[in-house]
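Since the structure comes first, as structure tokens, the remarks are kept for the end.
The values are calculated or read from the model by the stated rules, or taken from the named source; none is laboratory data. Values in this document were obtained by computation on a predicted structure and should not be read as measured data. For neighbour counting, all protein chains shown are included, and Cβ atoms are generated from backbone atoms with ideal geometry for every residue, glycine included.
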Amino acid sequence: MKASNKRMLAEIEREVVYTSSLIGKRELDPRVMTAIGKVSREEFVPADLKYYAYDNGPLPIGYGQTISQPYIVALMTDLLQLEPEHVVLEVGTGSGYQAAVLSQLVKKVYTIERIEALGKDSAARLKKLGYHNVECHIGNGYEGWPAHAPYDGIIVTAAASHIPPALTKQLKPGGRLVIPLGFPDMPQELMLVEKDAQGELHTRNILGVAFVPLQEESPLAEEP
Ligand code: SAH
């Protein structure tokens, strides 16, 4: 692992301690940290920003979108409590970085992106880098990806005004959904939604976050 990636892991560990009263733990699952240590974030950021690739902050990736802050990637991944046999859905492929991290922890990652150019670039990048258990799709993640449902875990990496009903429907009993809720430029909350064995949903606020918005409409309806 590069020294810069090690430094980033140390920064994540520090921020976990700072926020321990909110997140209810002082360290994340070591498997999550190992997964993050294995992924070269520099491969997922624009060429002119590689110098900042291992800073613990979000970075622009074009089209008004961002690659999330490493601490948030780590925290959201940890909240999913993933196991090697799990199948996961990500809404908001963006750069593909979060998908690459997830791919180290589970059997299969399905990821969906509404901006065609971003989705295609990320699919090519993930393939080139050898993340063969990630499947990318261009479409509206507000509707989930019913073809491969139900999922053990669902992660939404854009802020929604409410929990999309299609996503809780596509979650297995015992499954977990992690989603930022709120509006752009307003305080948002990272939420954990657990579906119990009876299919009932239990939600918990984790902490304040800042994400780009989840678009509810299909890209084709908006963009000719
Ligand atoms: N997980 C990404 C960061 C994503 S930024 C990474 O690791 O880099 C949020 C992404 O969600 C953006 O690329 C945005 O285009 C996408 N997005 C927003 N609304 C969406 C929707 N309804 N369906 C699919 N993707 C969506």
(message) Please count how many residues of region 163-186 are of a type in the set (A, V, I, L, M), surrounded by 20 or more Cβ atoms within 10 Å (Cβ to Cβ) and not in a strand (DSSP E or B).
(response) 1
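Every residue, every condition in (1) more than 21 Å from Leu177 (Cβ to Cβ); (2) in contact with a His (Cβ under 9 Å, 6 or more places away or on another chain); (3) not aromatic (Phe, Trp, Tyr), yes or no:
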{"position": "Lys6", "(1), (2), (3)": "yes, no, yes"}
{"position": "Ala10", "(1), (2), (3)": "yes, no, yes"}
{"position": "Ala35", "(1), (2), (3)": "no, no, yes"}
{"position": "Tyr51", "(1), (2), (3)": "yes, no, no"}
(request) Search region 144-157 for residues being touching a helix residue (DSSP H, G or I) at 6+ places or on another chain (Cβ under 8 Å) and touching a residue at least 60 places away in the same chain (Cβ under 8 Å), and hand back the single one that is surrounded by the fewest Cβ atoms within 10 Å (Cβ to Cβ). (result) Ala149
(request) Could you please tell me which pairs satisfy a Cβ distance under 6 Å, a separation of 6+ or placement on different chains, a first residue in region 66-85 that is farther than 20 Å from Arg14 by Cβ, and a second residue that is hydrophobic (A, V, I, L, M, F, W, C) and away from the ligand (no atom under 13 Å from the Cβ)? (result) Leu82/Leu105; Leu82/Val106
(request) Find the residue count for region 163-207, including only residues that are more than 16 Å from the ligand (Cβ to nearest atom) and at pLDDT below 95. (result) 2
